[in-house]
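Contents: one structure, followed by commentary.
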Amino acid sequence: MTAVSGRGQLRRMPLTSSRWGRWVPFVLLTVALVVFPLVASTAVVNVGVYALIYGLAAIGLSLLMGLAGQVSLGHAAFFAVGAYTQALLVTKAGWSMWPAAVVATVAAMVVALLVGLPLLRLRGHFLALATLGLGIIVTVVVRELEITGGTSGLYGIPKPEFGGRLYNSAQEYFWLLSPFVVVGMLLATNLVRSRMGRALGAVNDSEVAAECLGVDTFALRLRVFVLAAGYAGLAGVFYAHWLGVVSPEAAGFELSVEMLLMVVLGGLGSVWGALTGAIAVSAMDEGARDLITALIPGASGEVQLLAFGVVLVLVIILVPGGLAQLWHQLTAARTAHSTDGAAAAGTAPSTESTPSPSVPNAAPSGSRLAGLLEGADLPERGSPLLLVRDLTKRYGGVTALDHVDLDVAAGEIVALIGPNGAGKTTAFNMISGVLPPTSGTVTLRGREVQGQRPHVAASLGATRTFQNLQVFSSATVLGNVKVARHLRSRAGILRGMGGLARSEERSIDAAAREALEALGLTDHADRPVADLPFGMQRQVEIARALALGPALVMLDEPMAGLSGSERTSLSELLREASRAGVAVLIVEHDVEAVLALADRVAVLDDGRLIALGGPEEIRNDPAVIAAYLGVAAEDESLVRQAAARVEGEVGA
Ligand code: ATP
């Protein structure tokens, strides 16, 4: 279930409904779909048929736009591929409906795969424009080709015959379609709740953080793009048989806008919203047609498109979360009301809100990370893990990192310190794959990873936190940490849609809760992460990184925003991690804290490594004192000499 935060941003709600409670809406929907044709007039059922057809397409588009954050302005292209393929197979090749429907749906998915490979490398407006272009291309192609019937399209697509029955009335067709819609929705809601759905939501919130937890964002987006096309292709199949004719309008911009409107009106990312939006737009479509012709005799379809455009703009401005947002507000208000009532009657449980400041962890008895690291493929303590050689990053004339060499062994705690602008975050970014280096190499567990995307480093056990927080703001605290188990679980889109990964979900949940426990965040597990104060969000990021079961965890200023006791607790936790074999690379401005924590300290100044050694050595190094620890240098050349010396030592 999704809802929308106060800022109009999608928020995946905690999935608190019981196993059986989940079925109630589907049972009610099924009953409604069975009863509706019995009580409504044929004209209204006819509108209902279109609502179900477009609803199918909208479910896929909602997953694509709401969950994967991909704006598609040409979704009707896949609808048209499904409809035309079906029409061709049935009318020209003499196929029967169901085998043709399978091929038509797959055809839409194959087209999505082929166009998605180049298109999904684009982002934001560029992707939206590219999908718009796709819609135009498909319209032009079907209009120009003889085999697709040119401008007049393909005629004579028969009404389906199935189980000895001809589905030629609106009522019967509605019933034929209904199971597909219910199953389509069930599969989509399962997907939203699955490992893949969680990863998609994470990608939508922060692509870089999702990548650093091992999510291959491109592959994931491509899959959901193909899946959304499958929904649209199947909708096209039903459209072709219901209308009996398929013309270029099936790929038209107008239909793409209508689908967009359904999804936005229903609430981006809400599967139930997609169906509700489809019903609302189909009803509006009918109403608008009558109203516009009454108001403006002889008005064309463009006027209707204009009306849709106006509604779209109004929804975006007034209710950015669409009908799902309204529903959520309504149910939240009702829950609050009933809680108030119960409290007044003295029967309510304590409504005291959870205090926001975190409680420092209790002193550990045994490792708090034992369960998380169980089964993690950690290299032997002390063995080489990370080798950085000659790492350099230039931005035009600025050299952010200058030929830096650094090694980190398994289980070692290495601190990277230096004044502001020294290049610490740049180094982190290149080691984790967030930035490609200008030159130099990064070797993780014997494999060179420089210039590759962060999920590659994550797959080798290296993950990180961020100086500028990158929490998954639409998820709960627990939801954030669960994403980190992506690489330690396997369920793909199909298993997710089938709801076939329950035991895996249970172990993901247990591991995520263990990571929260380690950071003292258990009481906040079900809170939306966006509601937490800064320091706690930082701890959520740390819990998330540790939940991966990493071989190397890179923490960028983890102590910022933490209280004294929280800093002490975190230091103890990192020592535990180190004892368990996890290497820690830490960037921190609290020099005393890191000198007390680290096995070795690397000092950067102006992009160069000027010192590398044990904490005591660093504390007394004149070049470090000159560059960083606040005492004015009598001789600036000390710093340069130190850099040359360290380069020689590490290189040797
Ligand atoms: P801080 O402690 O303030 O976070 P830092 O040691 O992490 O600093 P970096 O953020 O790595 O330093 O920056 C190193 C240098 O590179 C700085 O001079 C910075 O201005 C420069 N720099 C970083 N990113 C860019 C960029 N995208 N374009 C141009 N210069 C950049």
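The values are calculated or read from the model by the stated rules, or taken from the named source; none is laboratory data. Note that the structure is a prediction, hence the values are computed from the model and not measured. Using ideal geometry, Cβ is built from the backbone for each residue, glycine included, and neighbour counts are taken over all protein chains shown. Keep in mind that these areas ignore ligands, DNA and RNA; they rest on the heavy atoms of the full protein, side chains included. Shrake-Rupley method; radii C 1.70, N 1.55, O 1.52, S 1.80 Å.
Each residue in region 556-586 was checked for being outside any helix (DSSP H, G or I) and either open to solvent by 10 Å² or more (accessible area, probe 1.4 Å) or within 16 Å of the ligand (Cβ to nearest atom) (or both), and 11 of them qualify. May I ask you to verify whether Leu132 is open to solvent by less than 20 Å² (accessible area, probe 1.4 Å) and over 21 Å from Met97 (Cβ atoms)? No; evaluated as a whole, the condition is false for this residue. The sole residue among Leu134, Leu129, Leu176, Leu166 that is under 20 Å from Gly74 (Cβ atoms) and out of contact with any Ser or Thr (no Cβ under 9 Å at 6 or more places or on another chain) is Leu129. Take region 375-409 and flag every residue that is away from the ligand (no atom under 16 Å from the Cβ) and part of a strand (DSSP E or B). Across region 375-409, the qualifying residues are Pro384, Leu385, Leu386, Leu387, Arg389, Asp390, Asp405, Asp407, Val408, Ala409. Within region 259-276, being over 18 Å from Gly309 (Cα atoms) and crowded, with 24+ Cβ neighbours inside 10 Å holds for Gly269, Ser270, Val271, Gly273, Leu275. Among the candidates Arg143, Arg195, the residue that is under 30 Å from Val529 (Cβ atoms), open to solvent by 10 Å² or more (accessible area, probe 1.4 Å) and assigned by TED's automatic domain parsing to the domain that holds Met65 is uniquely Arg195.
Would a scan of region 410-419 turn up a residue that is modelled with pLDDT under 95, open to solvent by 10 Å² or more (accessible area, probe 1.4 Å), in the same structural domain as Ser439 (by TED's automatic domain parsing) and within 11 Å of the ligand (Cβ to nearest atom)? Scanning region 410-419, I find at least one residue that is modelled with pLDDT under 95, open to solvent by 10 Å² or more (accessible area, probe 1.4 Å), in the same structural domain as Ser439 (by TED's automatic domain parsing) and within 11 Å of the ligand (Cβ to nearest atom), so the answer is yes.
Within region 587-606, the residues that satisfy the criterion of being more than 16 Å from the ligand (Cβ to nearest atom) and small (Gly, Ala, Ser) are Ala596, Ala598.
Quick check, is Arg453 without any contact (Cβ under 8 Å) to a residue 40 or more places away in the chain and more than 16 Å from the ligand (Cβ to nearest atom)? Judged against the criteria, Arg453 is not a match. Screening the candidates Thr85, Thr42 for the property of being among the polar types (S, T, N, Q) and modelled with pLDDT under 95 yields one hit, Thr42.
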